[in-house]
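Remarks on the structure that follows.
The values are calculated or read from the model by the stated rules, or taken from the named source; none is laboratory data. Because the structure is predicted, anything quoted here is derived from the model rather than measured. Don't worry about glycine lacking a Cβ; one is built from the backbone with ideal geometry, like all the others, and counts go over all protein chains shown.
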C-alpha cells in the first residue's frame, strides 16, 4: 500500500510539474501579447496598429495552447476573446475602427494575466497543502511501521522471557527433586542397614520414577510424591522391625 501511495504521489508531482511549465509559458505569452497590444494602442497610424496587433494575436494564440494544457479555463476564455478581437483588426479600414478592437483586446490581455496569476497562486496553495498532507501521510506510515516493529520486538521479548521463566522453573524443580531423592535414598539406605544388622533379609527399594514424569508435576505435587514415598518406606521399615 505504501509503495502504491508513493507511485501515485510521484505521478501527481510529475503532472503538476508539467502543468506549472505550461502555466509559466502561458504567462510569458500573455506578457508579450499585452506588450504588443499596448504598442498597437499607442501607435499613431493604421499600419503600426495592424503590425503590433498581429504580433499580439500570435502571442494570444500561443497562450491559448499553453493555457489549455495549464488548466486555467478562465484565462483561456479571456485569451480566446482577446484573440477574436485582434483577428478583426486586419480587416479594418480606418485607424479609429482598428483602435476600437485594440482597446478592448488590451483590457482583456491585462485581465487574462491577472486571471492566470490568481489561478497559479491558488494552485501553489493547494500544492503546498497536498505536499503537507503527503508528508503527514508518509510520517503516519513511518510511525505505523515503527509501531509494528516495536510490537514484533515486544512479542519476541515476551517469548524469550517466557522461555527463561520456564527454564528457571524446570531448574528449580530439578533441584527440588534431587534434594528429595537424596533424602529418600539416605533414609532407605539407613533403614536397610539397620534391618540387616538385626538379621532381616528384607530390603527396601528406591521408587523408580523417571525425571520427566516428575518434571511434569508442579512443586506441590513433587513434594507430596516424595513425602508419600518416605512415609511408605518408614511404615515398611517399622513393620519389618516388628516382625524380627
(1) at pLDDT below 95; (2) more than 30 Å from residue 212 (Cα to Cα) all hold for residue 160 apart from (2)
Would you please name the residue that is nearest to residue 166 (Cα to Cα), looking only at residues in segment 207-216 that are without any contact (Cβ under 8 Å) to a residue 24 or more places away in the chain and either in contact with a strand residue (DSSP E or B) (Cβ under 6 Å, 6 or more places away or on another chain) or surrounded by 12 or more Cβ atoms within 10 Å (Cβ to Cβ) (or both)? 209
Can you tell me which residue among 236, 201 is in the same structural domain as residue 174 (by TED's automatic domain parsing) and surrounded by fewer than 11 Cβ atoms within 10 Å (Cβ to Cβ)? 201
Check segment 59-80 and report whether any residue there is buried (at least 20 other Cβ atoms within 10 Å of the Cβ), in contact with a helix residue (DSSP H, G or I) (Cβ under 8 Å, 6 or more places away or on another chain) and not in a helix (DSSP H, G or I). yes
Segment 179-201, residues that are free of Cβ contacts under 8 Å to residues at least 40 places away in the same chain and farther than 18 Å from residue 168 by Cα: 182, 185, 186, 189, 190, 192, 193, 196, 197, 201
Being over 16 Å from residue 114 (Cβ atoms), modelled with pLDDT of 95 or more, touching a helix residue (DSSP H, G or I) at 6+ places or on another chain (Cβ under 8 Å) and in a helix (DSSP H, G or I) narrows it down to one of 84, 54, so name that one. 54
